[in-house]
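To keep things clear, I will list the structure first and then write my remarks on it.
Since every read-out is calculated from the coordinates, none of them should be taken as a lab result. Computed from a predicted model, the values in this text were never measured in an experiment. Backbone-built Cβ (ideal geometry, glycine too); neighbour counts: all protein chains shown.
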Amino acid sequence: MVNAFACSNNMVIGQVRTDAKSNEIMAIPELIKILDLKGALVSIDAMGCQKSIANSIIEQKADYVLAVKGNQPSLHEAIKSSFSECRQSVSQELLLNKQHGRLEARSYHVLNAKEVAANFPEWPKLKTLGMAMSYRQEKGKEPSLEYRYYIISAKLDEESFGEAVRSHWAVENNLHWVLDASLKEDNCQIYKDNGAENWAILRQASLNMLRAEPTKTSIPTKQKRAWMKTSFLERVLRAGLAPMSKK
């Protein structure tokens, strides 16, 4: 059983269960249909880089930012070729982050997608190509350099494109990673009947409630406090259920 999730500010706002013999590629268009996405910028990783998904987003009057990898080989090569000169130049807009013996540098680049869009007309309203460069050097390890490519239906400059990419990975790191590290999602061995789906819903609801409680501390610390103190557990429940009481 696989679920497709929609997130905003690291909170789950939509969830669709896939069929037993299906996957997230089939579920994402169904999830898109039930959300109010008008005017939104929807980012999805390479697995969701599908024409049907792009069309579903456009039909909802939203724009897409789709990562492109080997599952779309011709498109990937065309974008990579478009940025060949850009990769040879030294970026003057590097975003540096140095901490705990680790150096990271990132830069973001965009191009007009007119030529690629003409060669790949099946991608709706394709306007911008994006490239994210990531360099990482960690003490005692070999440095790594990675390029990631994107297709975008909106006209974005480098700043807004970079913000979209960083926001996407913030959800990946702060939501999906937390579900695994704090709630042990990947270790769950419950599969019988609807057990996996039920536990996925409970984990998401629990995480949303813990995040809604305003104390400035980590999710594991909040879990421990809720386990040890009934008063704190009540605070978590009140914070999580408050939005429902307003409807």
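Here are some notes:
- Label-to-label distance, residue 86 versus residue 74, with points set 7 angstrom from Cα along the beta-carbon direction: 2.2 nm.
- Residues within the reach of a label modelled at residue 103 (point 7 angstrom out along Cα to beta-carbon, backbone nitrogen below 18 Å), restricted to segment 117-155, are 133-146.
- For segment 38-69 and segment 104-147, distance of Cα centres in Å: 16
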